[in-house]
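Working notes for the structure below.
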Amino acid sequence: MDEFCRQFEAAIPELQKKILDEFNLHQTQAGFRSVWEHFEEVINPVLINFFASAPLLIPKEQIHETKSKSTYPDLKVSFEGKTYAIDVKSGETKHNPWYDISRIDTYEKEHFDKYTAEYSVVISWSGRTALQVDAVYIEPVYKTVGYRAESKGVLYRPYDGKLRPKPWKDFREGKSYWHDINHFKEGLAASKAYRRRSFILEWYEKMTPDERQALKQDIARIEAGEEVQRDEVLEQEKPI
């Protein structure tokens, strides 16, 4: 564990308390559809102050806040030549969280290749007219990801492959399904392979006998090391 992670993780209990205290001081009338702005307005200053103060003493120009809801992460921090991501997530306390994390098929490129470490600040809230923050959790992103028994890997939404978080009970108990980042990578690989196989089987079931035969012939060509035409090849062709 490097210095940034060691200092940040050691401060998590204190930061959780500070953020919860700030929410109690700054009530919001924002609707539940736009309350994410309020969450970031309360959370970001607490985190920025921590990063800019001892022991890390990170210059504020190396702490970047996102200006868009759809841009990841909410805070990007540079420290000793490395880049770290901190993202705010939330869900209603009465329902298990189901927010987007990332896609299993692009996680390595969009996350492992860009950030030394990633953390989630997860808000559990209740009440849609008078919103109340019930709990604040801060964990490495991989520890927040749920488990899918069918694939023996990470929890994901089948139709788009986006990772999904663990239940609130696991947040409250400090439980994670992934021992470390390497174990998490194994979970990603398992679910990616299971999802790919599931799609192949679903498409194959819908094929006519002739389509199945043509597919088997293409598979045989691939096994023989031959190139088979497919959409991704066509997309690389230059337009006429």
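With each run of n ≥ 4 DSSP H residues scored as -39500 (n - 2.57), what mean residue ellipticity at 222 nm is computed for the chain after dividing by its residue count and rounding to the nearest 500 deg cm²/dmol?
-12500 deg cm²/dmol
Per residue Cα convex hull volume for segment 137-240, in cubic angstrom?
174
Need the full-extension length gain, Ile181 to Lys94, defined as separation in residues times 0.36 nm minus the C-alpha distance. One decimal, nm.
In short, 28.4 nm is gained.
Obtain the radius of gyration and the Kirkwood radius of the chain from its C-alpha atoms and give Rg over Rh.
Dividing the radius of gyration by the Kirkwood radius yields 1.07.
Just to check, using Stokes-Einstein with a Kirkwood Rh over alpha carbon pairs, what's the diffusion coefficient of segment 130-181 at 25 °C and 0.890 mPa s in µm²/s?
Approximately 202 µm²/s, per Stokes-Einstein.
Using alpha carbon coordinates only, what is the Rg to Rh ratio of segment 109-149, with Rh defined as the Kirkwood radius?
That ratio is 1.14, to two decimals.
On a C-alpha basis, how far is the centre of segment 1-62 from the centre of segment 152-192 in Å? Whole number, if you could?
Segment 1-62 and segment 152-192 have Cα centres spaced 24 Å from each other.
Report the charge-dipole magnitude of the chain in Debye, nearest 20, computed about the Cα centre from +1 at each Lys and Arg Cβ and -1 at each Asp and Glu Cβ.
Here the size comes out at about 660 debye.
Roughly how many debye, to the nearest 20, is the charge dipole of segment 135-240 about its Cα centre, given +1 on each Lys and Arg Cβ, -1 on each Asp and Glu Cβ, and no other charges?
Roughly 740 debye, rounded to the nearest 20.
How about segment 70-116: which trypsin sites (Lys or Arg not before Pro) there lie in a loop by DSSP and see at most 15 other Cβ atoms within 10 Å?
Loop-located and lightly packed - Lys94, Lys114.
Taking 30 Å as R0, compute the FRET efficiency from the Cβ-Cβ separation of Glu9 and Phe199 and round it to 0.05.
0.20
Could you give the angle, 0 to 90 degrees to the nearest 10, between helix 12-25's Cα long axis and the longest principal axis of the Cα atoms of the chain?
70
Before I look further, what does the chain give for accessible area per residue, probe 1.4 Å, in whole square angstrom?
Computed with neighbouring chains in place, this is 60 Å² per residue.
From Cα coordinates alone, what are the radius of gyration and Dmax values for segment 40-177 in angstrom?
Final numbers for Rg and Dmax: 15.6, 46 Å.
What number, in nm² with one decimal, is the all-direction average of the projected area of the convex hull of the alpha-carbon atoms of segment 1-98?
For the Cα atoms of segment 1-98, the hull's average projected area reads 7.4 nm².
Roughly what % of DSSP beta bridges within segment 30-150 run antiparallel, to the nearest 5?
In segment 30-150, approximately 65 percent of DSSP beta bridges are antiparallel ones.
Share of antiparallel DSSP beta bridges in the chain, in percent to the nearest 5?
Among the beta bridges of the chain, antiparallel pairing accounts for roughly 70 percent.
Once both axes come from the Cα atoms, what is the angle between helix 35-52 and the longest principal axis of the chain, in degrees from 0 to 90, rounded to 10?
For helix 35-52, the angle is close to 70 degrees.
Pull up all non-local amide H partners of Lys89: gap of 5 or more, or a different chain, and H-to-H distance under 5 Å with H placed in the peptide plane.
Under 5 Å from the amide H of Lys89: Val121, Val122, Ile123.
Taking the Cα centre of segment 80-205 as the origin, how large is its charge dipole in debye, to the nearest 20, when only Lys and Arg (+1) and Asp and Glu (-1) carry charge on their Cβ atoms?
That gives segment 80-205 a dipole magnitude of about 260 debye.
Once Lys and Arg get +1 and Asp and Glu get -1 on their Cβ, which of Pro45, Ala224, Leu131 lies farthest toward the positive end of the dipole of the chain?
Farthest along the dipole direction, towards plus: Leu131.
The values are calculated or read from the model by the stated rules, or taken from the named source; none is laboratory data. None of these values were measured; they are calculated from a predicted model. Using ideal geometry, Cβ is built from the backbone for each residue, glycine included, and neighbour counts are taken over all protein chains shown. The protein model used for the area step is the full one, side chains on, heavy atoms only, and it has no ligands, DNA or RNA in it. Shrake-Rupley method; radii C 1.70, N 1.55, O 1.52, S 1.80 Å.
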